[in-house]
Amino acid sequence: MVKLTRFELTRVLSARSLQLSLGAPPLVKGTKSMSMLEAAEKELESKVLPLSVLRKYPNGIIKRVELY
């Protein structure tokens, strides 16, 4: 897995936390007693998030980083 920057990590976790708070089903078991942020972190650690990050470089190249 490619290392995410702190900004990418924050963006991914906040986006997934918002999805969970709006009623999206959790992708890992045992998240009933966790906060939305903790559940999102557990999903990221388990490598089950169906999200990706687009990295734009100064030379015009755009790379897609898959999180699973």
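Any read-out appearing in this document is the output of simple, stated calculations on the displayed coordinates, not a laboratory observation. Just so it is clear, the structure is predicted and the values come from calculations on it, not from any experiment. Note that each Cβ is placed from the backbone with ideal geometry, even for glycine, and that neighbours are counted across all protein chains shown.
Mind counting the residues in the stretch 55-68 that are in a loop (DSSP other than H, G, I, E, B) and exposed (fewer than 15 other Cβ atoms within 10 Å of the Cβ)?
Taking the stretch 55-68 and keeping what is in a loop (DSSP other than H, G, I, E, B), we get 57-61, 67-68.
Right, trim to exposed (fewer than 15 other Cβ atoms within 10 Å of the Cβ) and you get 57-61, 68.
Counting residues in the stretch 55-68 that are in a loop (DSSP other than H, G, I, E, B) and exposed (fewer than 15 other Cβ atoms within 10 Å of the Cβ) gives 6.
Residues that are assigned to a strand (DSSP E or B) and within 12 Å of the chain's Cα centre (by Cα): does the stretch 20-27 have at least one? No, there is no match, as no residue in the stretch 20-27 is assigned to a strand (DSSP E or B) and within 12 Å of the chain's Cα centre (by Cα).
Yes/no per residue for (1) more than 11 Å from residue 67 (Cβ to Cβ); (2) surrounded by fewer than 17 Cβ atoms within 10 Å (Cβ to Cβ); (3) of a type in the set (Gly, Ala, Ser); (4) in contact (Cβ under 8 Å) with a residue 24 or more places away in the chain:
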site	(1), (2), (3), (4)
4	no, no, no, yes
8	no, yes, no, yes
29	yes, yes, no, no
39	yes, no, yes, no
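Restricting the stretch 41-54 to residues that are in a strand (DSSP E or B) and touching a residue at least 12 places away in the same chain (Cβ under 8 Å) leaves a set whose member that is nearest to residue 6 (Cα to Cα) is 53.
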